[in-house]
Amino acid sequence: MVFWGMLDQEYGAKIAAMLSALAKPTSGTDPRTTAERQGDAFAEVIELASRSEGLPEQGGERQHLTLSMSFKDFMDNTGVANVEGGGVMSAAEARRIACDSTVMRLVLGAGKEILDVGRQQRTAPKGIRKALIERDGSCAFPGCATEPARCHAHHVVEWANGGPTSLDNMVLLCGSHHRLIHHSRWTVKMVDHRPVFSDGLEDAG
Ligand SMILES: [Zn+2]
Ligand SMILES: [Zn+2]
């Protein structure tokens, strides 16, 4: 989506303050450019707002995003998902969003079959989230101190691949490191109940 616009001084100052707070580098070696960090920060403003209790319901439901794609494509991590209201996103993006989402219901269909995967199965329940916060403290990525309220609960073995929503299969990740894990060679696995990260270069020699 491309957009531009103007804000009055009050909301201009507010958005500038929010972006500045959210766009801070996650570590001394944050590879993102300033523009990328600000773009991620703007996306985070939207995400935080979408999780807000104060947001009005839409058609009797909490705000949600509906994606449609074939079950096979979802499982094979190929093809695209159609976004209700227009546009498409890659299967990998759909899987990342499904990984920890309180605002999305996935509609998976083969033919007329609709499989509502239900957010309860995917989203870390309060008890698990609390234990995750105790264990990880912040985004668990090395050097990142992003606070838990801004983190996703990532499934180490992807939920789509049968990974359970359990403490031993979850790790707190900020939005940008969640993207990194899903969309780059970086991986995370559990060793002795702790998340261990790898940049994926060892295996490649
Ligand atoms: Zn994830
Ligand atoms: Zn992080």
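In table form, for the structure just shown:
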| quantity | calculated |
| --- | --- |
| Number of the exception - Asp116 against (1) modelled with pLDDT of 65 or more; (2) surrounded by fewer than 17 Cβ atoms within 10 Å (Cβ to Cβ) | (1) |
| Of all residues in region 7-27 being open to solvent by 100 Å² or more (accessible area, probe 1.4 Å) and in a loop (DSSP other than H, G, I, E, B), the one that is farthest from ligand 2 (Cβ to nearest atom) | Leu7 |
| One residue from Glu93, Glu57 being modelled with pLDDT under 80 and of a type outside the set (Lys, Arg) | Glu57 |
| Residues located in region 96-112, provided they are at pLDDT below 85 and within 19 Å of Glu47 (Cα to Cα) | Ile97, Ala98, Cys99, Asp100, Ser101, Thr102, Val103, Met104, Arg105, Leu106 |
| 1 or more residues open to solvent by less than 40 Å² (accessible area, probe 1.4 Å), closer than 21 Å to His154 by Cα and among the β-branched types (Val, Ile, Thr): qualifying strands (runs of 3 or more DSSP E) within region 28-100 | 65-69 |
| Pair list, Cβ < 8 Å and 6+ apart or interchain, from region 26-53 residues that are more than 17 Å from Ala145 (Cβ to Cβ) to residues that are within 16 Å of ligand 2 (Cβ to nearest atom) and not in a helix (DSSP H, G or I) | Thr34/Ala23; Gln38/Ala23 |
| Leading residue by the ranking (nearest to the chain's Cα centre (by Cα)) among those in region 15-44 that are at pLDDT 90 or above and either acidic (Asp, Glu) or in the same structural domain as Thr146 (by TED's automatic domain parsing) (or both) | Glu44 |
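For every residue, the table says whether it meets (1) away from ligand 2 (no atom under 16 Å from the Cβ); (2) not small (Gly, Ala, Ser).
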site	(1), (2)
Ala153	no, no
Trp159	yes, yes
Ser166	yes, no
Ser176	no, no
Val191	yes, yes
Phe197	no, yes
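The values are calculated or read from the model by the stated rules, or taken from the named source; none is laboratory data. A quick note: this is a predicted structure, and the numbers were derived from the prediction, not measured. A quick note on method: Cβ atoms are made from the backbone with ideal geometry, for glycine too, and the neighbour counts reach across all protein chains shown. Just the protein is used for accessible areas: all its heavy atoms, side chains included, with ligands, DNA and RNA removed. Shrake-Rupley method; radii C 1.70, N 1.55, O 1.52, S 1.80 Å.
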